[in-house]
Amino acid sequence: MPSIANKKRIIIYIICAFLFALAGFFQAVDSLLPEFWHALFALLAHTILISLVIFWAVSIIHRMVRKDLLVLFITIATLILFFLVIRMIKYGLTEDIDTLSRYLWYSYYVPQCLIPPTLFLITMSMEKKNGKPLSRKWYLIYIPAILIIVSIYTNDLHQLAFRLNFDDNKFTYDHQIVFYLALGWEILITFASLIVMFLKCSVSTCRKRIWIPISAFVICALFSTICFLFNTKSFKIPELLCFTCI
């Protein structure tokens, strides 16, 4: 029989899943509604998503004992909040593809590029038997991410990330080499984190449960891919990536 603590945890997971689905419903129907209800449903969706991340961050603060891991987890939570707020501003306060909207779009790649190496540092810090903090040399893993972010922010100058087209007042773009470097970087470091996490699970009982986070990650990744390919109104890439990370 599940313990009382496990029952409470399951109830919390169900409530969070319901709220996430509710946010998706709000986003799916808001474009079909009159202006007031469109704005209200969009605001409710953003509020739910941001509140879920804040709830997760607070739970991390209460549950995490090691300060070095806590700092890394709070860094991820901050990056996720940044991602969701930028998404809210881009779709809620800017309607046309102008300079502001474009740079908000570029800003997506700040959390996208910084979250995977932070996750990697977390996995490298887990189960350190000597109790010493992680070597500073590992933080050099942020250098490729910073270079990619700078390249994307300066895309208007060289267009090596996205080739922008403004023909007949219609905005289109094509992906270029820096975009594929960013995508490859995110995928590579994320899978490296999963592999390190598996290898770090030295306790046999933990290793038996390693299928739980890996399965959750695979399911979320497949769901994100389906939503991206079919361009669903319910969920966009920012929130899908954020909650896959969590």
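The values are calculated or read from the model by the stated rules, or taken from the named source; none is laboratory data. Please read all numbers here as calculations on a predicted model, not as lab measurements. Neighbour counts run over all protein chains shown; Cβ positions are idealised from the backbone, glycine included. Surface accessibility is based on the protein's heavy atoms, side chains included, excluding ligands, DNA and RNA. Shrake-Rupley method; radii C 1.70, N 1.55, O 1.52, S 1.80 Å.
Can you tell me which residue in segment 146-191 is farthest from P117 (Cα to Cα), limited to those that are aliphatic (A, V, I, L, M) and open to solvent by less than 30 Å² (accessible area, probe 1.4 Å)? Taking the candidates together, the pick is L164.
Here segment 52-64 is the region considered, the condition is being β-branched (V, I, T) and over 14 Å from I122 (Cβ atoms), and the residue that is least open to solvent (accessible area, probe 1.4 Å) is V53. Among residues of segment 20-45 that are open to solvent by less than 60 Å² (accessible area, probe 1.4 Å), those with a Cβ under 7 angstrom from a residue that is outside any helix (DSSP H, G or I) and not hydrophobic (A, V, I, L, M, F, W, C), sequence gap 6+ or separate chain, pair up as G24/S234; Q27/K233; Q27/S234; A28/K233; A28/S234.
The requirement of being open to solvent by 30 Å² or more (accessible area, probe 1.4 Å) and either among the aromatic types (F, W, Y) or in contact (Cβ under 8 Å) with a residue 24 or more places away in the chain (or both) is not satisfied by F235.
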